[in-house]
Amino acid sequence: MLQRLIFERIEQRVLVGTIAFLASMALVGWLAINEGGRMASFEVQYTARSIERGAALFAVNCSECHGPNGLGGAGVAPALNSPHLFGHDYLAVYDRELITLEQERNNPATTAERVTEIDARMQELQNERQNVINQINTVVEAKPGGYDPENPSRLDDLAWAGSLRAFVLTTLIHGRPVSANYWPRQMSAWSQTAGGPLRMDQLEDLTTYILNWDRGDNWTLDDLAAVNQFPIKPVDPSTVVASDVQVIVPGLTDANANPEQLDYAAIDAELANYTGDPQNGQTLYNGALGCAGCHLNAAVAPVTEGTWTRVQELRLQDPANAGLTGEQYLEHSILHPNEYLAPGAPTGGSYPGGVMTPNFASRLSYQDLADLVAYLKTQDQPLP
Amino acid sequence: MSILPFPSFFDDVKEKGFRKAIFEGINEVVERATAGMNVQDIREALRGEAPSRKPNPRLQPHADGFWLHMRPSYFHKSVTGIYPEFRLGWLSTYFVVFETITGIFLMVWYTPSPEVAYANMLNIMSGVPLGQFIRDLHRIGAEAMVLIVTLHMLRAFFTASYKKPRQFTWFSGVILLLMTLLLSFSGYLLPWDQLALWAVTIGASMIEAAPPEVVGTNLNLLLRGGPEIGANGLLRFYLLHVLLVPALLFVFTGVHYYKVVVHGHSLPPAQENIGEDTAKRVPLDKRVYFIPDILTSEVMWIGVTTLILVILVTWFFHAPLESHADPQVTPLGTTAPWYFLWIQGALKLGDKVFWGIIFPTIAFGFLMLMPYLDTTPSRRWAHRRTAMTVGFLMISATTVLSYMGLSEFGVKNSADSEILHELNMPPAHNHMGKLLPVPYDQLVVGMYTTRQLEAEEGQESPVVAAFNQEIQENGRGALLLNELTGADYLAINSLNFTTLPADATDLHKALEFFEHELQNRADELRNAWGGIIITEQQNGLKRLDSFIVWEEVAIENGKVVYGMDGQPVPVLDDNGQPVLRVNADHIFIHQDSQYFAAPGS
């Protein structure tokens, strides 16, 4: 039947062929009409999957330092999930109106009546603005790194001329070698072109993911409060001291510090005159000194939690530490850490030496040292 | 007198009048273009009338023209229907042309470099109007061509068309089958996605096994351009795909078709005996002339086949594109393309050199030589019992080996990895993790456990509450929390499982699947429970952590060891307590990422 219809009669063949051709053309035409929408939807879908892949890469490679939610690690690395990176200006809404009012006020055509009105409004705005600044300062007061609501943009701080995307991508490609001067570890180069482990498309995914933290105009003060660590502006590392009072032994650097320069007996005697403030000790520990950066991860250093318990129950039982009190053990191991390497590293044996800098005698005053010890004494959680 | 120094169209106009001159001019152009048929001849042919002048103008294009010089001017009536050829040989040729045309379009948008190849794919999909359409057509054409060419070979086998005098036609046909496989396979790598990289890695590693070692190693280096497939390897596969193999394919297509014409199309077995050559001896009453019958039929089939392909790619088929190729990450369950599964299956039988190289070589060598080995003088099935037996054995063996090539067969991974993989795997081979297509609005932040599904209807809440209590008391919760927050950097502080939201039906199904799998593998995963923790990672981005906690059992050679009581033997620690194991994996789901189950899966 089919054979007779289609194969044996030429006019049927011509008809079927023509219909098939026209139908193909109609379908292609229909596809072409919808093609713009399809391409756009592919783009959206692809960006979404790029964010997913970026998130997976971030969890594995970045969250150790920048935190699982990108809120930064105190003393380790700055927040990326932060209005500061995206340059959100909490004051912009007031500043915009203030400028407009200022211009109107300076216009000779403005009536005196209107000027009075403007002055009142400007005063009101100034108050509100100050109010926001105060709120922000309260929120970020204890935050390491510091945040200035008047200069809210990271890119402006760095005088970066390109786009934010380029900033993030470039940083990922080459890392931040200089960051070792003010963070415990530098950021390594992540791109294969720069000797790192990741391909360019992976870095693009990571960048897309990081930029997806941008909340546009919807950043709130809660977002600011959630940040653990703001970026630190570059400073010469040798000038980083806990406070500007007299240090214990001036002039020590990583390179020249050795235990012989420390007269422990004299230091212990002097230290007895100071009363430590655990609150201030905590601020130093988590902030300027960056201790918490390493001591939060048992793979790198003994964790902060339970320090005092371990000193009392384990370290002082070690014959090598005979004759020391717990406070003295802490003081000495802060001032010259390489002599007091604690056991218990996950790789077996003691934690490696040379990781913690041995120049704290030149970076701390007696008061700072007493504060740190006082803070560590509060870490008396029971052993696991 | 003409104003030009030679007679021109204007002279014609002056002489015959404008109308007549135009018609005669057109007629002449048409006759020259068709190498012999004028407008009237074409009209008669299309009307199905007999030619009105002699010599028969419909034979002229075959004699004088280039395009039809290799086509016979008439066919035997018995081969113009569906049986015995099913148009398979013609369809194979159609796909050669079809793949060339769609391939050239794709070449415009493609650069064979690992840095940009994948980005080119994305651009073809998102930035080139109808780019995806052409890519889909090229891909489905490639798969169809492998299928059609294979069927064409089977047809020639069943009708015994390979017998004398057509032995060499069959031989060149097997070469064309190899070319087709090689073309399809070399094109596999070009998108530079995970599917491509790993399928080709499997294929190329077989070449490495070629004996002796010095040959295998160097062949492999030659093909891959280095120890690993990289920039050089991609360029080589590209050149194979667009230059070398197509060039050879065109040449052998010519050889094959020339042989078909020289010996004539093989008639059904009942009408033609061994050794008979029908080409020059078609009786007048059996002749079907190429013009107009075969030509219109072929043009019709071009229209119909193209329409079918267009319909398929419009609604039913999209060329897969997996994530970017990554030599560091081997996807679980990697397989070769379906037409090479039989080799992959054979490789599981043992020696790489024998099953990967010698066995396929013998198989194809046997296929090529078959017409010279099987010289029995009859085309009737009843007289070809040995050949038919061997043929069916080969078909069965290929089918069984192909099944064995599937990753489901014989490849043992630990039960926990397999279950987590089934939940989380990225789309591959028309298959994706059960969690991926769950609608975004069902991914409600919370912690859910498979224990809920063991509860009787209505008892879910108390069961989950008891479960929270239980894992807190036996320390397994702390173990899990440690794993999730430590190794996986999940930002949570404590565990608190709740029942699934009532309207999250797809999530419920995924969890049911999870529970079902845990039950299936209960021997390996003793007292196991699993769960899914959903957290909000970013605006519009959720993180899904799935995990299994179980008591380890003794496993030897991938098999569970059973004790005297017929139960799996648990592994105990120094205190006589079962050793606990945790495995966890996580994925991120964005609200716009649109994971749909592939059509037909």
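Total residues in the stretch B:256-274 satisfying the condition of being part of a helix (DSSP H, G or I) and surrounded by fewer than 16 Cβ atoms within 10 Å (Cβ to Cβ): the figure is 5. Inside the stretch A:92-109, residues that are buried (at least 16 other Cβ atoms within 10 Å of the Cβ) and either outside the structural domain of A:Leu125 (by TED's automatic domain parsing) or outside any helix (DSSP H, G or I) (or both) make up a count of 0.
The condition of being more than 19 Å from the chain's Cα centre (by Cα) and more than 14 Å from chain B (Cβ to nearest Cβ) holds for only one of A:Ala23, A:Ala32, A:Ala92, that being A:Ala92. Quick one: in the stretch B:456-497, which of the residues that are touching a residue at least 40 places away in the same chain (Cβ under 8 Å) and part of a loop (DSSP other than H, G, I, E, B) is surrounded by the fewest Cβ atoms within 10 Å (Cβ to Cβ)? Only one residue tops the list, namely B:Ala487.
For A:Asp205, the conditions (1) of a type in the set (D, E, K, R); (2) in contact with a Ser or Thr (Cβ under 7 Å, 6 or more places away or on another chain); (3) surrounded by fewer than 18 Cβ atoms within 10 Å (Cβ to Cβ) are fulfilled apart from (3). If you go through the stretch A:71-91 one residue at a time, do you hit one that is loosely packed, with under 15 Cβ neighbours inside 10 Å and either at pLDDT below 90 or of a type outside the set (A, V, I, L, M, F, W, C) (or both)? So far as the stretch A:71-91 goes, no, none of its residues is loosely packed, with under 15 Cβ neighbours inside 10 Å and either at pLDDT below 90 or of a type outside the set (A, V, I, L, M, F, W, C) (or both).
Determine whether A:Glu64 is in a helix (DSSP H, G or I), under 30 Å from A:Cys291 (Cα atoms), within 11 Å of chain B (Cβ to nearest Cβ) and modelled with pLDDT under 95. Quick ask: steps written out before the conclusion?
Numbers: in a helix (DSSP H, G or I): yes; under 30 Å from A:Cys291 (Cα atoms): yes; within 11 Å of chain B (Cβ to nearest Cβ): yes; modelled with pLDDT under 95: yes.
Yes; evaluated as a whole, the condition is true for this residue.
What about B:Arg139, is it within 21 Å of the chain's Cα centre (by Cα) and basic (Lys, Arg)?
yes
Modelled with pLDDT under 95 and assigned to a helix (DSSP H, G or I), is that true of B:Ser184? Yes; evaluated as a whole, the condition is true for this residue. In the stretch A:35-51, the condition of being surrounded by 15 or more Cβ atoms within 10 Å (Cβ to Cβ) and more than 8 Å from every other protein chain (Cβ to nearest Cβ) is met by at least one residue. Checked against the criterion of being over 22 Å from B:Phe513 (Cα atoms) and exposed (fewer than 13 other Cβ atoms within 10 Å of the Cβ), the stretch B:420-433 has no qualifying residue.
Scanning the stretch B:307-319 for residues that are within 8 Å of chain A (Cβ to nearest Cβ), surrounded by 18 or more Cβ atoms within 10 Å (Cβ to Cβ) and β-branched (Val, Ile, Thr) yields a total of 1. For the stretch B:33-76, a residue qualifies if it is among the small types (Gly, Ala, Ser), more than 24 Å from B:Ile22 (Cβ to Cβ) and under 44 Å from the mean Cα position of the chain (by Cα), and the qualifying residues are B:Gly48, B:Ala63, B:Gly65, B:Ser73.
The values are calculated or read from the model by the stated rules, or taken from the named source; none is laboratory data. As the structure is a computational prediction, the values presented were derived from the model and not from experiment. Ideal geometry is used to build each Cβ from the backbone, glycine not excepted, and the neighbour counts take in all protein chains shown.
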